[in-house]
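The values are calculated or read from the model by the stated rules, or taken from the named source; none is laboratory data. Since we're looking at a predicted model, the values are computed, not measured. Don't worry about glycine lacking a Cβ; one is built from the backbone with ideal geometry, like all the others, and counts go over all protein chains shown. In case anyone asks, the SASA skips ligands and DNA or RNA and just uses the protein heavy atoms, side chains included. Shrake-Rupley method; radii C 1.70, N 1.55, O 1.52, S 1.80 Å.
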Amino acid sequence: MKVTPQRMAVHDAMLALRHASADMVCDFIASKDGTKVTVASVYNILSSLALHGIYNHRLSSNNKMYFDVVTADHIHLYDMVNHTFTDVSDDGACMEATKALLSKRFKGYKLDRIDIQILAHPRTRKHK
């Protein structure tokens, strides 16, 4: 892939945001230097970079594609209210779950990889 100013702006935004949709990347770029880039262009750049293995991508429960700068296996905490992803730092849990699941047989399927996502919502504060 050829390095272009648009691709570099998208990549810099992704490094700062870590998990983001094309809309979020557009907003970030505009807030940093006022550069205008369309959501469609950003989505195409992100999709292309994901196809090349530079990012991973995942679909949220609000049917929006989010991209992730970490391509190694790891666990995500997904906030179902705010539609945000957070990396969970627990390599041991990820390795144990992956090992356990990869040792199982699923009739008619060959596993490609294990993707662990914890679904959660923010706690509501109790009034005293």
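Roughly how big is the chain's charge dipole about its Cα centre, with Cβ charges of +1 (Lys, Arg) and -1 (Asp, Glu), in debye to the nearest 20? Show your work: numbers first, answer last.
On the way: 17 positive and 13 negative charges, 84 e Å.
With only Lys, Arg, Asp and Glu charged at Cβ, the dipole is about 400 debye.
Springs between alpha-carbon atoms under 10 Å, Gaussian network over the chain: tell me which of Leu46, Leu102, Leu15 tops the mean-square fluctuations.
Leu102
Which of Leu17, Leu59, Leu111 ends up with the largest GNM mean-square fluctuation for the chain, with Cα atoms connected below 10 Å?
Fluctuation is largest for Leu111.
Of Val3, Ser61, Ala20, whose Cα points farthest to the positive end of the dipole of the chain (charges on the beta-carbon: +1 Lys, Arg; -1 Asp, Glu; origin at the Cα centre)?
Of the candidates, Ser61 comes out farthest on the positive side.
Mind pulling up the Rg/Rh value for the chain? Radius of gyration and Kirkwood radius, both on Cα. Mind dumping the intermediate values first?
On the way: Rg = 17.2 Å, Rh = 16.5 Å.
Rg/Rh for the chain comes to 1.04.
What 222 nm value per residue comes from the helices of the chain, counting each DSSP H run with n ≥ 4 as -39,500 (n - 2.57) and dividing by all residues, nearest 500 deg cm²/dmol?
Numbers: 4 runs with 50 residues, N = 128.
The helix contribution divided over the chain gives -12500 deg cm²/dmol.
Send over a whole-number figure in Å² for the accessible area per residue of the chain, probe 1.4 Å.
On the way: 9150 Å² over 128 residues.
The answer is 71 Å² per residue.
Return the distance in nm (one decimal) between the two label points of a simple spin-label model at Ala97 and Ala40, each offset 7 Å from Cα along Cα→Cβ.
Here the modelled spin labels are 3.8 nm apart.
Using a Gaussian network for the chain with springs between C-alpha atoms less than 10 Å apart, which of these wobbles most: Ala16, Ala30, Ala72?
Judging by the Gaussian network model, the answer is Ala72.
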